[in-house]
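Structure first, commentary second.
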Amino acid sequence: MNIILLGAPGAGKGTQATKISERYNLPHISTGDIFRANIKNKTEIGLLAKSYIDKGQLVPDEVTCAIVKDRLTWDDCKNGCLLDGFPRNTYQAEQLDTFAEIGAVVNINIDFSLLMDRICGRRVCKDCGESYHVSTLGGATACSRCGGELIQRADDNPETVKNRLDVYNEQTAPLIDYYTKKGVILNFTGSEAPAEVLFAEIAAVLDKKIG
Ligand code: ADP
Ligand code: ZN
């Protein structure tokens with residue numbers, strides 16, 4: 001089954017995605033991760049994407065849709081995949097409908113007042129992508145999972161985050177309605193509780209859907 005993870009930046013999509021992907025053996029496809037890998041490797045796509053990501057704007061739809069469309073043809077997607085960060089606007093959702101069937105949309109709602117601190121305090125592992133919050137690191141600079149160096153994403157700064165939240169409200173939030181109408185939305189509420197709490201709720205619902 002193809003599953004979409006929907007939620008504002010900082011809602012915890014990445015963390016939940018890792019857990020969902022492991023539990024149901026679905027490849028985790030994060031457009032943000034794909035763009036960051038391209039930026040790191042200095043590809044043409046990376047160069048283009050960086051100019052948008054640095055400003056907190058969406059990378060153009062043609063580029064983003066082409067990447068996802070191609071990625072879904074890989075062998076590991078034949079039993080489904082987990083889309084994290086795509087689609088992000090109605091046009092992308094409509095395009096996705098032309099090349100994939102969506103079985104469920106896991107929507108994480110969260111109080112916006114939590115997001116700025118969450119994102120600006122976020123540190124991510126350079127090697128495995130695991131994310132942490134500075135307040136819980138106690139000064140540690142290495143990933144507890146793989147030992148990789150913890151870094152701050154270039155777009156995790158207050159000004160860019162404000163733009164990302166505006167983009168979410170204007171362009172991505174309407175997808176909640178889009179998928180509600182299709183009858184595939186599953187609503188959850190994120191909080192300050194540990195990620196395991198939310199994951200337990202998500203898994204309880206997905207277990208019944210996926211079996
Ligand atoms: P977050 O959800 O915290 O904003 P992501 O890693 O999903 O983080 O995305 C980071 C940036 O990558 C976005 O701000 C945007 O510029 C770009 N991006 C990711 N996914 C898409 C998409 N589906 N369409 C356009 N741009 C995207
Ligand atoms: Zn790591």
The residue that is nearest to ligand 1 (Cβ to nearest atom), considering only those in segment 21-36 that are within 18 Å of residue 207 (Cα to Cα) and surrounded by fewer than 21 Cβ atoms within 10 Å (Cβ to Cβ), is 28
Query - Test: residue in segment 109-123 that is surrounded by 13 or more Cβ atoms within 10 Å (Cβ to Cβ), within 16 Å of ligand 2 (Cβ to nearest atom) and of a type outside the set (Ser, Thr, Tyr) - result: yes
Does segment 39-53 include one or more residues that are in contact with a Lys or Arg (Cβ under 7 Å, 6 or more places away or on another chain), at pLDDT 95 or above and closer than 25 Å to residue 191 by Cα? no
Only unsatisfied item for residue 109, checking (1) in contact (Cβ under 8 Å) with a residue 24 or more places away in the chain; (2) closer than 18 Å to residue 169 by Cα; (3) within 14 Å of ligand 1 (Cβ to nearest atom), is (3)
If we ask which residues in segment 1-20 are open to solvent by less than 20 Å² (accessible area, probe 1.4 Å), within 21 Å of residue 74 (Cβ to Cβ) and assigned to a helix (DSSP H, G or I), their number turns out to be 2
| said: It is to be established whether one or more residues within segment 73-84 are within 12 Å of ligand 1 (Cβ to nearest atom) and open to solvent by 40 Å² or more (accessible area, probe 1.4 Å). | reply: no
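Quick one: how many residues across segment 60-105 are out of contact with any Gly (no Cβ under 8 Å at 6 or more places or on another chain) and within 30 Å of residue 157 (Cα to Cα)? Spell out the reasoning first.
So the first thing to find is which residues in segment 60-105 are out of contact with any Gly (no Cβ under 8 Å at 6 or more places or on another chain), and the list is 60-79, 81-83, 86-102, 104-105.
With the extra rule that they be within 30 Å of residue 157 (Cα to Cα), the set shrinks to 60-68, 71, 82-83, 86-93, 105.
Here the count works out to 21.
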Scanning segment 112-157 residue by residue, those over 15 Å from the mean Cα position of the chain (by Cα), touching a residue at least 40 places away in the same chain (Cβ under 8 Å) and more than 18 Å from residue 168 (Cα to Cα) turn out to be 154
By residue number, the members of segment 37-60 that are buried (at least 16 other Cβ atoms within 10 Å of the Cβ), in a helix (DSSP H, G or I) and not basic (Lys, Arg) are 38, 39, 45, 46, 48, 49, 52, 53
Selection over segment 136-183 where residues are within 16 Å of ligand 2 (Cβ to nearest atom), open to solvent by less than 70 Å² (accessible area, probe 1.4 Å) and charged (D, E, K, R) yields a count of 1
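The values are calculated or read from the model by the stated rules, or taken from the named source; none is laboratory data. A quick note: this is a predicted structure, and the numbers were derived from the prediction, not measured. Cβ: placed from backbone, ideal geometry, glycine included. Neighbour counts: every protein chain shown. To get the accessible areas, we keep the full protein, side chains included, count just its heavy atoms, and leave off ligands, DNA and RNA. Shrake-Rupley method; radii C 1.70, N 1.55, O 1.52, S 1.80 Å.
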